[in-house]
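Take a look at the structure below.
The values are calculated or read from the model by the stated rules, or taken from the named source; none is laboratory data. Since we're looking at a predicted model, the values are computed, not measured. Every residue, glycine as well, gets a Cβ built from its backbone with ideal geometry; the counts of neighbours run over all protein chains shown.
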Amino acid sequence: MWGMDVPGALSTALRRGTLEFCVLALLEQGEQYGVELVRHLGAERTLTTSEGTLYPLLARLRRQGWVETTWRESPSGPPRRYYALTPTGHSALHHFRAEWTAFRDTVDRIVGTGRK
């Protein structure tokens, strides 16, 4: 199933399933523009992502109504599109946190990584 690169494939699968909620959590702290989000995610080794991955994800979150955008002048360079969490996005993040906690606890218990 995973082929020869188990660590890489597993990492990719886990990131794919959770990255959008990590972006929502970052936006919960306040609005940000795309490059800021890439920088914050890049600071976490397991979440490093590119603009080519992030911008389609942000567009999808916008279509879902989980984020909204505004354009602002930049102190250097062209205007920037800022992303902010909507009330629906807050609800989605809240629901994810509840589901994630139960899921994580179950996996930890089954694979033996839970706290004893």
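Checking G77, G17, G52 one by one, the residue that is on the phi > 0 side of the Ramachandran plot and exposed (fewer than 12 other Cβ atoms within 10 Å of the Cβ) is G77 and no other. Residues in the range 86-105: is at least one outside any helix (DSSP H, G or I) and either at pLDDT 95 or above or touching a strand residue (DSSP E or B) at 6+ places or on another chain (Cβ under 8 Å) (or both)? Checking the range 86-105: at least one residue is outside any helix (DSSP H, G or I) and either at pLDDT 95 or above or touching a strand residue (DSSP E or B) at 6+ places or on another chain (Cβ under 8 Å) (or both).
So which residues in the range 9-67 are more than 25 Å from P78 (Cα to Cα) and of a type in the set (K, R)? The answer is R15, R16, R45. Flag: A59 matches the condition of being of a type outside the set (S, T, Y) and farther than 21 Å from S11 by Cα. In the range 53-72, the count of residues that are of a type in the set (D, E) and more than 13 Å from the chain's Cα centre (by Cα) is one or more. Contact map, the range 44-69: residues that are within 14 Å of A84 (Cα to Cα) paired with residues that are surrounded by fewer than 12 Cβ atoms within 10 Å (Cβ to Cβ), Cβ distance under 7 Å, separation 6+ or inter-chain. No pairs are found.
Restricting attention to the range 58-74, which residues are in a helix (DSSP H, G or I) and either in contact with a Pro (Cβ under 6 Å, 6 or more places away or on another chain) or crowded, with 17+ Cβ neighbours inside 10 Å (or both)? Answer for the range 58-74, where residues must be in a helix (DSSP H, G or I) and either in contact with a Pro (Cβ under 6 Å, 6 or more places away or on another chain) or crowded, with 17+ Cβ neighbours inside 10 Å (or both): L58, L61.
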